[in-house]
Every structure is written in C-alpha cells, then in structure tokens.
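Engineer: I'd like to ask some things about the structure below.
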Amino acid sequence: MDIPNKYNPVQIEDKWYANWMEQGYFKSTPDEREAYSIVIPPPNVTGVLHMGHMLNNTLQDVLVRRARMQGKNALWLPGTDHASIATEAKVVAKLKEEGIDKSELTRDEFMEHAWEWKEKHGGIILEQLKKLGASCDWDRTRFTMDEALYESVIDVFIDLYNKGLIYRGIRMVNWDPSALTALSDEEVIHKEVNSKLYYLRYKVEGTRDDWVTIATTRPETILGDTAVCVNPNDDRFQHLPGKRVLVPLINRAVPVIADDYVDIEFGTGCLKITPAHDENDYQIGFKHKLDTIDIFNDNGTLNEAAQLYVGEDRFAVRKKIVKDLEEAGNLVKIEDYVNKVGFSERTDAVVEPKLSLQWFMKMEEMAKPALKVVMDDTIKFHPAKFKNTYRHWMENVRDWCISRQLWWGQQIPAYYLPNKEVVVAKSKEEALELAKEKFNLPDLKLEDLRQDEDVLDTWFSSWLWPISVFDGIRNPENEDIKYYYPTNDLVTAPEILFFWVARMIMAGQEYRGEIPFKNVYLTGIVRDKQGRKMSKQLGNSPDPIKLIKIYGADGVRVGMLLTSPAGNDLPFDESLCEQGRNFSNKIWNALRLVKGWEVDENLPQPDYAKVSTQWFDAKLNAILENIEDQFSKYRISDALMAVYKLIWDDFCSWYLEMIKPAYQQPIDKLTYQSTIGFFEGLMKILHPFMPFISEEIWHILGGRNENESIMISDMPKVKSYDTNLLKGFEMEMQVIMALRNIRKEKNISFKEKLELFVKKNNEEKPDHTFDNVISKLCNLSSIDYVDEKVEGAVSFLVKSTEFYVPLVGSIDVGAEIKKLREELEYTKGFLIGVTEKLSNDRFVNNAPEAVVNKEKAKQADAESKIKVIEEQIASLSK
C-alpha cells in the first residue's frame with residue numbers, strides 16, 4: 001500500500017475516534033468478565049480544558065485502555081459538576097449583561113436561566129476531552145444536578161439528619177462577600193500578604209491619662225469591639241481587669257477581661273476582642289459572656305451597628321479610619337507586617353469570619369474509619385507520602401459547613417413552621433404530614449410551610465459521586481453498583497485530598513460499607529519553565545486544543561507524561577510535545593521502512609537475522625516485564641519511558657538496522673514475519689499512551705479492516721527470555737559503537753571493509769553469538785580471536801577484552817598512549833568510587849544483595865580493565 005511520507009495526526013485522530021465511537025468500543029455493561037472501573041473527577045460545568053485536566057485525563061485513559069486490552073470489562077464513567085458558586089456567578093454576570101438583576105427574578109425563573117446556560121456551555125470540556133482521545137463511555141455521562149443524583153443528595157441529607165449527624169446552628173463561618181455565601185474551611189486559600197500592624201490606644205474609663213495599647217491588622221473592626229483582654233499572669237496589667245476602656249472614635253465602654261489565651265510575648269500583650277469577626281475572639285466572647293456586635297453587611301460594607309462609615313466598603317473604611325484615629329490621637333504607630341490572609345478559592349475575595357446560622361455535618365466519627373483504611377493501605381495512595389497529609393487533616397477534622405446562600409444547587413429539604421420548628425423531608429407534602437404528626441398540628445396547611453432558601457455545598461453532591469453515578473443511593477442492589485463498585489483507581493490532585501477524596505471514603509463506608517476505590521494516584525501541579533503554577537491570571541497556560549492541533553493528541557499525551565511522576569510537579573515545556581511529535585514521526589518512518597521491503601519467500605534466513613530476532617524477542621519480554629512492574633507501582637511516567645526507549649532505541653536504532661537487507665535487496669520471509677509481529681506487539685504496548693498512531697499502524701501492518709481495533713486486542717504477556725543473550729549484546733553494542741567511532745575519527749568510509757582481532761583475558765572464552773551482526777553493522781571482512789596483542793593496530797577495550805583494528809599506514813603511538821592514559825585515569829576514578837561504596841558498612845549491610853553484588857561486579861571489571869590498560873601502555877612504550 002501507498003503510505004504517506006508524513007504522519008498526519010489530525011486526519012488520523014478524527015478518523016479513528018469516530019470509528020471507536022461508531023463501533024461502541026468505549027461502552028461497558030456488566031457481564032462475566034472482571035470489572036475495571038474509573039469515575040472521572042467531574043470537572044466544573046463552567047470549565048474548559050486546561051493543562052491540569054490534560055494530565056489527569058491522559059493518566060486515566062492510559063489506565064483504562066490498558067485494562068481493556070488485558071481482557072477486563074473496562075468502564076471510564078464521565079460527567080460534570082454543577083459548581084454552585086462558579087456557575088451562579090457566570091449566570092448572574094450573563095443576566096447583568098442583559099440588564100436583568102438576580103433580585104428581580106423568582107427562584108424558578110433564575111433556575112431556568114441557569115439550566116439554559118448549562119445546556120449551552122456545560123458540555124464544552126467533555127467534547128474537548130474527546131480530542132485528547134478519552135475512551136469514556138459517553139452514554140453514561142452524569143451531571144451532579146441530574147434527577148437521579150439530585151435525589152440521591154436529598155436522600156443522604158435526610159438520612160444523616162435523622163441519624164443526628166446534620167444540625168443547624170450559629171457558628172463562626174468563612175463568609176465570601178463577593179459570592180455572598182458561606183464557605184467550608186477547605187474552600188479558603190491562605191496566602192502570605194504584606195500588611196500593616198496598627199498600634200491603637202484605648203483610654204481607661206474614668207482616668208485623665210491612662211491608656212492601653214493594642215495591635216491589629218484590621219483597624220476597621222474596632223467598631224465591633226466588646227472587650228480588651230490581658231493575660232492574668234502579666235505583671236504589667238494586674239491593675240486593669242475589672243476596669244473598662246473606651247473604644248476609639250465611638251467611645252463605647254467595654255470591659256477589660258483576663259484570659260490565659262493571650263500571649264504575653266506577642267504584640268503589646270493587650271488583645272482587642274471582636275467576637276463577631278474573629279474565630280478566636282468568638283470563643284473568648286462565648287466563654288466570658290460578652291456582647292457580639294456584627295458590623296458588616298453580607299457584601300462587606302459596614303452596617304448601622306458600626307455607627308460610623310455605614311454603607312462603605314471594609315477596605316475603603318480601613319484607609320479612612322486610620323486617618324481619623326490619627327487625628328483623634330489614638331494611633332500610636334504603624335509597622336510593616338507579613339501575615340496570612342484567607343481568600344475564597346472561587347472568587348479570590350478576602351474571606352470575612354462571620355457569625356451565621358448555617359447547616360453543619362458532624363465529621364469526627366465518620367473520619368475515624370476513613371483514616372484507618374488509608375493508614376493500613378486498604379486504600380493505597382501513590383505516592384504514599386500523602387498519607388501523612390491525609391492523617392493530619394483527618395485527626396484535626398472540624399464539622400463541615402454544608403449550606404450555601406445560593407440558588408443553583410440542591411435546595412436543602414428543610415421546612416420551617418409558623419411555630420419556628422423545622423422538619424426535614426423529601427417534599428413539601430411529606431413535610432406537612434410529618435409536621436402534623438410530630439408537633440400535633442392537625443390544622444397545618446401546605447402554604448404554612450417555608451422551605452430553606454439555601455442549597456447544599458457542591459462537595460455534598462460530589463462526595464457521593466462513585467456511588468450516585470451508579471444509582472447506588474436510591475437503588476443499592478442494582479446491577480451496576482454491585483458490578484462496578486468499588487472502583488479500581490482514582491486519579492486526582494493532592495489539593496482536593498480532603499475536599500473530595502476523604503469525603504468519598506466516608507460516604508462509601510457509610511452507604512456501601514465499603515471503600516469507593518482501591519488506589520488513589522495523586523498528580524503533581526503543572527508548572528511553567530519558571531516553576532510557576534499555570535493559571536489564567538498569569539497567562540502562562542497554553543491552550544491544550546491548540547497544542548493538539550500543532551503536535552497531535554498522541555504527541556501532547558507523551559509530552560505531558562514524560563516528566564510527570566506521581567505526586568511531583570510537572571515542569572511543562574512545549575518542547576516536550578515536540579518530542580512527542582518527533583516520536584510519532586520516528587515510528588511512522590519505521591513503518592515506511594519495513595513496509596517498503598520486498599519479501600523473497602525462497603530466501604533462507606541469514607544467521608545475523610536469526611540471532612537478531614532472538615535478541616529482540618528477549619529484549620521485548622524483558623522490557624515488558626519492567627513495564628508491568630512500573631504499572632504495579634503506578635509509575636506511569638517510568639512505564640512510558642521504558643516503552644519510548646524500547647521503540648526508539650532498541651527497535652528502530654538497533655533491531656531494524658541489524659536485520660535491514662542490503663540496498664535494493666529483498667528480505668527473507670521468516671525475518672519479515674518476525675519483524676511485523678514485533679512491530680504489532682510494540683503498537684499494543686504503546687496503545688494506552690498513544691492510541692491514535694498505534695491504531696493506524698496496527699491496521700497497516702496487518703492489512704486489517706475498520707471492524708477490527710487494537711484497543712480490544714490482547715495486551716502482550718511476558719514470556720520467558722534468555723538473559724544471557726541480553727547481557728551478551730550489551731557488550732557487543734559497545735564494540736559496535738567503538739568500531740563506528742574509529743571510522744569517524746580516522747575518516748574511513750563505511751564501504752571500506754575492516755578486520756577485527758579480539759583478545760580475551762582472564763581465561764574468558766570467546767562468544768561468537770553476535771559475530772555476524774557485528775560484521776554486518778560494521779562492514780568487517782573478518783573477526784579473529786587471538787592470544788597475542790596485534791602490532792600496528794588501533795585498539796580499544798570493552799570490559800577486560802581487547803580489540804584491534806589494523807589500519808593501512810602508521811599508527812600514531814603517542815596519540816594511542818594518550819588515549820589509553822585518559823581511559824586509565826577515568827577507570828581508576830571509577831574504581832575509587834565503587835570501592836568507597838563497598839567499604840561503607842551501612843551500604844553493604846542495608847542495600848539489597850543484588851545491588852551489592854552489582855557493585856562488586858563493577859569493582860572486578862574495573863580492576864581487570866586497569867590491568868589490561870597498563871599492559872597496553874607498557875607494550876606501546878617499548
């Protein structure tokens with residue numbers, strides 16, 4: 001067949017993805033085979049593909065394609081997350097552009113707009129994943145607001161409420177003044193910022209000139225102060241407890257209290273207490289029964305309780321109040337200060353601690369079994385170093401604030417009665433019957449009930465994801481959940497280890513009595529060449545779809561995976577994608593070479609070809625064994641590198657050269673069939689990493705039709721192989737490279753035949769296995785084994801074996817001695833390093849025996865080589 005000169009990835013990728021979809025190869029239904037399942041970490045419905053998605057989904061596709069080729073019934077279930085805060089912000093912004101304010105709409109009207117936006121924009125990221133080659137069962141695509149998943153969330157809320165694990169209460173929460181909603185602790189990003197520390201003095205009530213000085217980074221909050229606190233053991237302030245001080249500008253008299261919480265060494269030793277706007281102050285206020293004055297509106301402006309600056313933004317007030325404090329004589333000094341400030345993960349607004357009536361879920365008891373299954377490796381983390389992070393979070397878990405002041409999401413199924421009581425039920429009708437019975441209210445009507453306006457935290461739906469996508473909450477005995485759950489692998493990012501991974505483990509144990517997955521592969525962060533995290537704000541994140549257009553999906557996949565060991569950050573450089581594209585071209589050129597050979601059915605197989613096919617068969621199985629080992633340890637980047645080297649180096653650079661027929665000469669049938677077999681095997685091993693080019697080449701190699709596919713063929717299995725053959729050729733490779741180097745150094749044409757004489761030492765026996773291969777690759781007229789040194793020849797050493805190449809003309813003895821002395825110095829230095837390692841008792845006693853023996857073999861080889869080099873120098877110096 002006519003194979004194009006250049007590999008065209010776009011054309012081939014579109015063709016094969018359409019074929020895979022048409023043939024239904026990604027679909028999975030329960031059967032008698034072993035199940036393999038992965039649920040996608042659902043990207044936000046607002047999202048478009050970024051480099052982090054590329055890495056994460058490439059890894060998932062590698063795992064699922066490999067499982068499929070191992071004969072497992074593989075399912076990769078896709079879907080998206082409704083992303084309450086982000087999506088509502090997008091819809092509100094769209095409405096604003098249309099001149100509509102959210103406050104003018106009813107809840108139902110707003111939800112219509114939200115669903116319309118979701119239908120228009122929500123599927124973008126999944127369509128982009130198809131360009132990457134993602135082999136998801138698209139017929140099973142789920143969305144966290146789908147009816148089944150929505151109902152599952154409501155059922156779980158009701159169940160946990162009835163178990164006493166969900167409650168409503170006033171607590172200090174993280175408030176996002178931009179999104180106008182509470183956040184969980186995990187949705188707050190703490191950043192170091194350059195702040196100011198303001199020293200302010202408060203006058204002691206009833207005195208002429210007695211003052212206390214406090215230090216704060218938030219001078220605007222003094223308007224909510226209800227006490228000043230000192231340590232009872234601080235000798236400086238023994239006279240103060242029981243007295244009152246005046247809050248600057250508003251002259252509110254507040255008590256001075258004593259509490260061990262105050263650090264004597266920090267700041268001035270006096271602490272302003274603002275219970276409504278600081279978590280620690282709230283605890284002290286509760287303990288000492290202090291008043292609580294909330295001075296902020298939900299949007300971060302000051303309210304009437306502040307008395308001053310009403311309606312102005314908190315940060316504008318900070319500038320004004322500092323000036324006013326200075327004019328009033330209450331500002332002592334200002335210092336530069338570096339502190340950590342909480343920012344909203346979604347809106348990047350500075351989070352405001354705020355007392356708020358919210359719904360919470362008790363976490364402590366659920367966290368204990370979820371911690372155990374990770375620490376005892378029932379669920380394995382890759383890399384395991386993240387177990388310590390997980391343990392720290394789980395041992396310090398706090399109750400989860402699960403309510404959000406939004407409309408887009410699952411509305412909390414709590415109904416309030418005129419008598420201030422609350423009932424939790426699946427519908428208003430059920431709530432009415434429950435309320436009548438529970439509170440003896442026979443005349444209660446449906447219109448008397450008011451449903452809670454808030455929705456549940458987005459994570460309260462995604463923590464059920466591995467169960468709810470199989471409808472395992474509503475129908476716990478259905479065929480899908482029993483077959484696919486627990487899933488096999490989860491690929492995700494360490495930053496959502498507690499947000500999502502820990503909570504899924506809790507949900508799995510609560511609702512299935514079983515873990516949700518067996519392995520968690522934690523990716524690193526994709527960074528630019530300068531080490532910065534890729535982000536929209538920095539503008540340092542390339543568009544993945546553009547990269548795919550330039551380098552092909554296979555090229556980008558390889559580029560992403562080549563430098564992405566589990567848990568380590570990926571220093572991304574576009575040249576990696578170029579390397580991936582070059583790899584595609586290398587394989588394509590190998591295909592064109594092999595398919596361009598004429599096959600002579602009557603030609604006997606040459607000896608060099610016979611031993612070459614034996615060697616590559618051994619090499620293929622050795623590397624396959626290594627790849628299996630890397631996959632078992634979730635070292636996917638290392639597995640790809642092993643495949644890459646096997647194809648580029650061993651197959652293309654060595655094997656094809658070893659068996660390639662002479663120019664315009666045919667190849668024998670046996671060698672050709674072996675080569676096609678090897679090539680097909682390599683494409684199968686490569687397929688999980690580079691699905692498109694492997695499919696195309698596999699079809700061309702076997703002349704297959706479009707109803708066949710490499711993705712459902714069998715992954716090669718490791719067969720026994722001859723390790724001696726591999727060791728033998730490792731040495732012969734060095735011989736071949738040395739002979740090629742001599743031709744290059746001496747400017748000898750390849751057409752000119754050379755003689756080679758070999759002198760074995762240390763009573764070693766000659767090994768003729770690869771003599772014919774060396775003769776072919778190096779164009780030798782003869783290889784002779786001798787007992788004496790060959791005079792007037794260029795020489796080189798491989799281990800302790802001496803090689804001589806007679807050349808026409810005189811040998812530059814001085815140059816030969818110089819070269820040998822350089823090699824002698826290097827070998828002596830190498831020997832010193834090995835000897836030092838072997839003289840280290842810790843290394844010898846603790847390293848695996850095989851490693852120690854390898855070092856001993858290196859030592860013996862170096863000693864033999866030094867002896868031979870010294871003899872050669874002595875011989876040439878005569």
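The values are calculated or read from the model by the stated rules, or taken from the named source; none is laboratory data. These numbers were taken from a predicted model, which means no experiment stands behind them. Don't worry about glycine lacking a Cβ; one is built from the backbone with ideal geometry, like all the others, and counts go over all protein chains shown. Calculation scope for accessible area: heavy atoms of the full protein, side chains included, ligands and nucleic acids excluded. Shrake-Rupley method; radii C 1.70, N 1.55, O 1.52, S 1.80 Å.
Engineer: Looking at the structure I just gave you, is Asn280 under 24 Å from Ile412 (Cβ atoms) and free of Cβ contacts under 8 Å to residues at least 40 places away in the same chain? Explain how you work it out, then say what you get.
Structural biologist: Numbers: under 24 Å from Ile412 (Cβ atoms): no; free of Cβ contacts under 8 Å to residues at least 40 places away in the same chain: yes.
No; evaluated as a whole, the condition is false for this residue.
Engineer: Shifting gears a bit: Looking at (1) among the charged types (D, E, K, R); (2) closer than 25 Å to Pro766 by Cβ; (3) open to solvent by less than 40 Å² (accessible area, probe 1.4 Å), which one does Glu863 not meet, given that it meets all the others?
Structural biologist: (3)
Engineer: Taking Lys131 as meeting all but one of (1) under 21 Å from the mean Cα position of the chain (by Cα); (2) surrounded by 19 or more Cβ atoms within 10 Å (Cβ to Cβ); (3) farther than 18 Å from Leu149 by Cβ, write down the number of the exception.
Structural biologist: (2)
Engineer: Tell me, which helices (runs of 4 or more DSSP H) lie completely within segment 438-518 with 3 or more residues that are in contact with a helix residue (DSSP H, G or I) (Cβ under 8 Å, 6 or more places away or on another chain) and either within 17 Å of Asp155 (Cβ to Cβ) or of a type in the set (Asp, Glu) (or both)? Quick ask: steps written out before the conclusion?
Structural biologist: On the way: elements: 459-462, 465-468, 479-484, 503-511.
Hits in segment 438-518: 459-462, 465-468, 503-511.
Engineer: Which one is modelled with the lowest pLDDT among residues in segment 761-805 that are open to solvent by 20 Å² or more (accessible area, probe 1.4 Å) and part of a strand (DSSP E or B)?
Structural biologist: Phe796
Engineer: Scan segment 512-551 residue by residue and report those that are open to solvent by 20 Å² or more (accessible area, probe 1.4 Å), among the hydrophobic types (A, V, I, L, M, F, W, C) and touching a strand residue (DSSP E or B) at 6+ places or on another chain (Cβ under 6 Å).
Structural biologist: Ile525, Met534
Engineer: Considering every residue within segment 235-254, establish whether at least one is open to solvent by 60 Å² or more (accessible area, probe 1.4 Å), under 30 Å from Trp393 (Cα atoms) and not basic (Lys, Arg).
Structural biologist: no
Engineer: Among residues belonging to segment 706-744 that are more than 37 Å from the chain's Cα centre (by Cα), open to solvent by less than 30 Å² (accessible area, probe 1.4 Å) and among the hydrophobic types (A, V, I, L, M, F, W, C), point out the one that is farthest from Leu797 (Cα to Cα). Outline the logic, then answer.
Structural biologist: Initially, segment 706-744 is screened for residues more than 37 Å from the chain's Cα centre (by Cα), giving 722, 724-725, 727-729, 731-744.
If we keep only those that are open to solvent by less than 30 Å² (accessible area, probe 1.4 Å) as well, we get 725, 728-729, 732, 735-736, 738-739, 742-743.
With the extra rule that they be among the hydrophobic types (A, V, I, L, M, F, W, C), the set shrinks to 725, 729, 735-736, 738-739, 742.
Values: Leu725: 20, Phe729: 16, Val735: 8, Ile736: 12, Ala738: 9, Leu739: 11, Ile742: 13 Å.
In this case the residue turns out to be Leu725.
Engineer: Hey, another quick one. Sort out which residues of segment 362-384 are in contact with a strand residue (DSSP E or B) (Cβ under 9 Å, 6 or more places away or on another chain) and either of a type outside the set (A, V, I, L, M) or surrounded by 22 or more Cβ atoms within 10 Å (Cβ to Cβ) (or both), and write them in order of number.
Structural biologist: Quick first cut of segment 362-384, residues in contact with a strand residue (DSSP E or B) (Cβ under 9 Å, 6 or more places away or on another chain) only: 362-363, 374, 378-383.
Listed by number, the residues that qualify are Lys362, Val374, Thr378, Ile379, Lys380, Phe381, His382, Pro383.
Engineer: Does segment 455-479 hold any residues that are out of contact with any Leu (no Cβ under 9 Å at 6 or more places or on another chain) and touching a residue at least 24 places away in the same chain (Cβ under 8 Å), and which are they? First the steps, then the outcome.
Structural biologist: The initial filter retains those residues of segment 455-479 that are out of contact with any Leu (no Cβ under 9 Å at 6 or more places or on another chain), namely 456, 458-460, 462-463, 467, 474-479.
Correct list: Leu456, Thr458, Trp459, Phe460, Ser462, Trp463, Ile467, Arg474, Pro476, Glu479.
Engineer: All but one of (1) surrounded by fewer than 20 Cβ atoms within 10 Å (Cβ to Cβ); (2) out of contact with any helix residue (DSSP H, G or I) (no Cβ under 6 Å at 6 or more places or on another chain); (3) part of a loop (DSSP other than H, G, I, E, B) hold for Pro41, so report the exception by its number.
Structural biologist: Unmet condition: (1).
Engineer: Which one of the conditions (1) touching a Lys or Arg at 6+ places or on another chain (Cβ under 9 Å); (2) touching a residue at least 24 places away in the same chain (Cβ under 8 Å) does Ile817 fail to meet, given that it meets all the rest?
Structural biologist: Of (1) touching a Lys or Arg at 6+ places or on another chain (Cβ under 9 Å); (2) touching a residue at least 24 places away in the same chain (Cβ under 8 Å), only one is false for Ile817: (1).
Engineer: Residues in segment 146-157: is at least one closer than 30 Å to Glu326 by Cβ, open to solvent by less than 10 Å² (accessible area, probe 1.4 Å) and among the aromatic types (Phe, Trp, Tyr)? Quick ask: steps written out before the conclusion?
Structural biologist: To start, the set of residues in segment 146-157 that are closer than 30 Å to Glu326 by Cβ comprises none.
No, that holds for no residue.
Engineer: Further, regarding this structure: Restricting attention to strands (runs of 3 or more DSSP E) lying wholly within segment 223-332, give those where 1 or more residues are under 47 Å from the mean Cα position of the chain (by Cα).
Structural biologist: Details: elements: 227-230, 244-247, 252-258, 270-273.
Hits in segment 223-332: 227-230, 270-273.
Engineer: Right, something else. Quick one: which of Trp16, Trp76 is touching a Cys at 6+ places or on another chain (Cβ under 6 Å) and within 29 Å of Met690 (Cβ to Cβ)? If you could, list the steps in order and put the result at the bottom.
Structural biologist: On the way: Trp16 fails: touching a Cys at 6+ places or on another chain (Cβ under 6 Å).
Checking each option against the conditions leaves just Trp76.
Engineer: Within segment 131-165, can you find the residues that are under 20 Å from Met54 (Cα atoms) and assigned to a loop (DSSP other than H, G, I, E, B)?
Structural biologist: Gly133, Ala134, Ser135, Cys136, Asp137, Thr141
Engineer: While we're looking at this one, here's another question. Looking only at residues that are part of a loop (DSSP other than H, G, I, E, B), modelled with pLDDT of 95 or more and not hydrophobic (A, V, I, L, M, F, W, C) in segment 393-417, which one is surrounded by the most Cβ atoms within 10 Å (Cβ to Cβ)?
Structural biologist: Gly409
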